[in-house]
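A quick write-up on the structure given underneath.
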Amino acid sequence: MNVKVFKNRFNKCIKLDHKLSKFSWFGVGGNAEILFIPENEKSLIFFLKNKPHEYKVLAIGAGSNLLIRDKGINGIVLVTKKLKNISIDNNGVISAQAGATDAEVARFARDCERTGLEFLLGIPGTIGGGIKMNSGAFGSEFKDILIDVTAINLSGEFRVFSVKELEMQYRKIGISNEWIFCKARFKSTSDNKQNIEAKMKQILHLRKTAQPTGVKTGGSTFKNPIGHKAWKLIDQAGCRGLKVGDAMISDKHCNFIINLKNSSAQQIEELGEKVQSKVFQTSGIRLSWEIQRVGIK
């Protein structure tokens, strides 16, 4: 199907050859062949059921743990930012759509005097991305609070996955990429707002103290190898402050890459590969990317 015909068949939610840099915390990246931002879940379902089969779909949340390459992305980029409803039932189960930010869900739980979700405040992403990565911070991970997630495939068919079925491990899950997360349910327990607020203030303080804030970055660059801390291996390899163009290893936290001003995605990726090489030379350990690198290299 011709791309313009495809666009005309749908609504204003679709844009062609659209720049993606503003959808990434790094502020880099080429264009999406087709960009789709659904207004609601109904719009998403209709789109997936009617889109041509030949187009692949990549879902993007906050873009906080994402490197979009300079030559852009072929196919459809689905941005979930408008799918952000959050609610709670009589049993204290909190439901959130995939595009709700982790911080929004943490604050919602606080306002409802429910505890256990405070650590989400330390993860700069969305619920959908957090489940896909089994993201974690300050000793907790998504798998610790998740009950189940409702997902939709590229044919518009729904399925509910339990935590066990997701096979959640360190920064990865076991189901295929054909499933796009729509909404999730989380367990919580009762506590007073003052106690919850105190926990959240501590998390914000720790994050501000330990990690670079107010800069263009992508969160933790590499996964922690078993028995090691990635930042320490990077520091020991002499990479603190290392640069490739405008991409730099943070002086504050060695496992963060910063776009100082006008870095390209290629420079960020080259810097990461340089760090991998130096760490392997000094420790014999091959670091694995935690940041998701997508698009045409």
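The set of residues in region 164-180 that are part of a helix (DSSP H, G or I) and either closer than 16 Å to Asp144 by Cβ or open to solvent by less than 60 Å² (accessible area, probe 1.4 Å) (or both) comprises Lys164, Leu166. Within region 226-250, the residues that satisfy the criterion of being open to solvent by less than 30 Å² (accessible area, probe 1.4 Å) and either farther than 14 Å from Thr282 by Cα or among the polar types (S, T, N, Q) (or both) are Gly241, Val244, Ala247, Met248, Ile249, Ser250.
All conditions in (1) touching a helix residue (DSSP H, G or I) at 6+ places or on another chain (Cβ under 7 Å); (2) at pLDDT below 95 hold for Gly219, with the sole exception of (1).
Scan region 209-221 and tell me whether some residue there is outside any helix (DSSP H, G or I), under 23 Å from Ile296 (Cα atoms) and open to solvent by 80 Å² or more (accessible area, probe 1.4 Å). No, region 209-221 contains no residue that is outside any helix (DSSP H, G or I), under 23 Å from Ile296 (Cα atoms) and open to solvent by 80 Å² or more (accessible area, probe 1.4 Å).
Filtered by the rule that a residue be within 15 Å of Leu67 (Cβ to Cβ) and open to solvent by less than 20 Å² (accessible area, probe 1.4 Å), region 259-279 gives Asn259, Ser263, Ala265, Ile268, Glu269, Leu271, Gly272, Val275. Would you be able to say whether some residue in region 142-157 is open to solvent by 80 Å² or more (accessible area, probe 1.4 Å), closer than 20 Å to Gly116 by Cα and assigned to a loop (DSSP other than H, G, I, E, B)? The answer is no; no qualifying residue exists.
Residues in region 222-252 that are under 19 Å from the mean Cα position of the chain (by Cα) and either assigned to a loop (DSSP other than H, G, I, E, B) or more than 25 Å from Ala137 (Cα to Cα) (or both): Lys223, Asn224.
In the set (1) open to solvent by less than 40 Å² (accessible area, probe 1.4 Å); (2) in contact with a Lys or Arg (Cβ under 7 Å, 6 or more places away or on another chain); (3) not charged (D, E, K, R), the condition left unmet by Asn31 is number (1).
For Phe161, are the conditions met, namely being free of Cβ contacts under 8 Å to residues at least 24 places away in the same chain and in a strand (DSSP E or B)? Yes, satisfied. The single residue among Ala96, Ala103 that is small (Gly, Ala, Ser), assigned to a helix (DSSP H, G or I) and at pLDDT 95 or above turns out to be Ala103. Within region 181-199, being surrounded by fewer than 13 Cβ atoms within 10 Å (Cβ to Cβ) and either under 18 Å from the mean Cα position of the chain (by Cα) or assigned to a strand (DSSP E or B) (or both) holds for Thr189, Ser190. Filtering region 113-139 to residues that are free of Cβ contacts under 8 Å to residues at least 40 places away in the same chain, farther than 24 Å from Ser176 by Cα and either open to solvent by 20 Å² or more (accessible area, probe 1.4 Å) or out of contact with any Ser or Thr (no Cβ under 9 Å at 6 or more places or on another chain) (or both) leaves only Gly139.
Of all residues in region 39-89, those being hydrophobic (A, V, I, L, M, F, W, C), in a loop (DSSP other than H, G, I, E, B) and either open to solvent by 60 Å² or more (accessible area, probe 1.4 Å) or at positive phi (or both) number 0.
The values are calculated or read from the model by the stated rules, or taken from the named source; none is laboratory data. Just so we're clear, the structure is a prediction, and the values are computed from it rather than from any experiment. Backbone-built Cβ (ideal geometry, glycine too); neighbour counts: all protein chains shown. Surface accessibility is based on the protein's heavy atoms, side chains included, excluding ligands, DNA and RNA. Shrake-Rupley method; radii C 1.70, N 1.55, O 1.52, S 1.80 Å.
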